[in-house]
1. For residue 70, work out the one condition from (1) touching a residue at least 60 places away in the same chain (Cβ under 8 Å); (2) in a loop (DSSP other than H, G, I, E, B); (3) over 23 Å from residue 130 (Cα atoms) it doesn't fulfil.
2. Please determine whether any residue of the range 116-130 is touching a strand residue (DSSP E or B) at 6+ places or on another chain (Cβ under 7 Å), in the same structural domain as residue 13 (by TED's automatic domain parsing) and under 21 Å from residue 36 (Cα atoms).
3. If I filter the range 69-81 for residues that are closer than 29 Å to residue 176 by Cα and modelled with pLDDT of 95 or more, do I get at least one hit?
4. Could you go through the range 120-137 and let me know if any residue there is under 20 Å from the mean Cα position of the chain (by Cα) and modelled with pLDDT of 90 or more.
5. Can we say residue 63 is at pLDDT 95 or above and in a strand (DSSP E or B)?
6. If I go through the range 15-27 residue by residue, how many of them are surrounded by 15 or more Cβ atoms within 10 Å (Cβ to Cβ) and not in a loop (DSSP other than H, G, I, E, B)?
7. Within the range 1-30, which residues are in contact (Cβ under 8 Å) with a residue 40 or more places away in the chain, within 11 Å of residue 112 (Cα to Cα) and out of contact with any strand residue (DSSP E or B) (no Cβ under 7 Å at 6 or more places or on another chain)?
8. For the range 64-81, check the following and say yes or no: at least one residue is over 10 Å from the mean Cα position of the chain (by Cα), surrounded by fewer than 18 Cβ atoms within 10 Å (Cβ to Cβ) and closer than 21 Å to residue 8 by Cα.
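The values are calculated or read from the model by the stated rules, or taken from the named source; none is laboratory data. Everything quoted here is computed from the prediction, not taken from an experiment. FYI the Cβ positions are ideal-geometry reconstructions off the backbone, even for glycines, and counts take in every protein chain you see.
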């Protein structure tokens, strides 16, 4: 995989929701010292418990972010696609990683170094305010995830996930690695339970399950399942 240029990274960061409204000069300073790395499918990008030197931008490919229980059970926290940033807290904290990120296919990743971000934050208070707001939004998303896992039944969690993940046409595309085992881990359950939930929603005419995609047929009904 060819290393992108710094100009390409600046343009990509400018389109990322986490950096919306950030001056191009700031993005250029971040990009100037960014470190480029590639990962093969199955390779660990971040390891839970280890230290990191900043935060990351996913240029290409897919990753999954997981937390592991002491017994070895995997809970998927999120899937990341090209254009996403992740582990933003690494720019402000030297605490060990709280989760593991794994490449689901060949991936190209930029590391934005902590020292650069901290220097820019000290120089530009408005940048600090903006990044704090974006990080607070990420925290609220994680709180919502915990609430779903503890309070919502599996079919309800599945309905909410489909609504949140589908594109504008109501389709959730499933790359070859997006198996029912991966879906089950994300929902905090096991594949058999997910299969039953999918069949139930399909039988009710709310969704149509195909091999590589799930199509939402009735968004309002699916939203009721997700309540």
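1. Of everything listed in (1) touching a residue at least 60 places away in the same chain (Cβ under 8 Å); (2) in a loop (DSSP other than H, G, I, E, B); (3) over 23 Å from residue 130 (Cα atoms), residue 70 misses just condition (1).
2. Within the range 116-130, the subset touching a strand residue (DSSP E or B) at 6+ places or on another chain (Cβ under 7 Å) is 117.
Imposing the further condition that a residue be in the same structural domain as residue 13 (by TED's automatic domain parsing) reduces the set to 117.
Going one step further and asking which of them are under 21 Å from residue 36 (Cα atoms), we end up with 117.
Yes, because at least one residue in the range 116-130 is touching a strand residue (DSSP E or B) at 6+ places or on another chain (Cβ under 7 Å), in the same structural domain as residue 13 (by TED's automatic domain parsing) and under 21 Å from residue 36 (Cα atoms).
3. No, because not a single residue in the range 69-81 is closer than 29 Å to residue 176 by Cα and modelled with pLDDT of 95 or more.
4. no
5. On the way: at pLDDT 95 or above: yes; in a strand (DSSP E or B): yes.
Judged against the criteria, residue 63 is a match.
6. Of all residues in the range 15-27, those surrounded by 15 or more Cβ atoms within 10 Å (Cβ to Cβ) come to 16, 18-19, 22, 26-27.
Of the ones still in play, those that are also not in a loop (DSSP other than H, G, I, E, B) are 18-19, 26-27.
Residues that pass the stated criteria total 4.
7. 29
8. No, because not a single residue in the range 64-81 is over 10 Å from the mean Cα position of the chain (by Cα), surrounded by fewer than 18 Cβ atoms within 10 Å (Cβ to Cβ) and closer than 21 Å to residue 8 by Cα.
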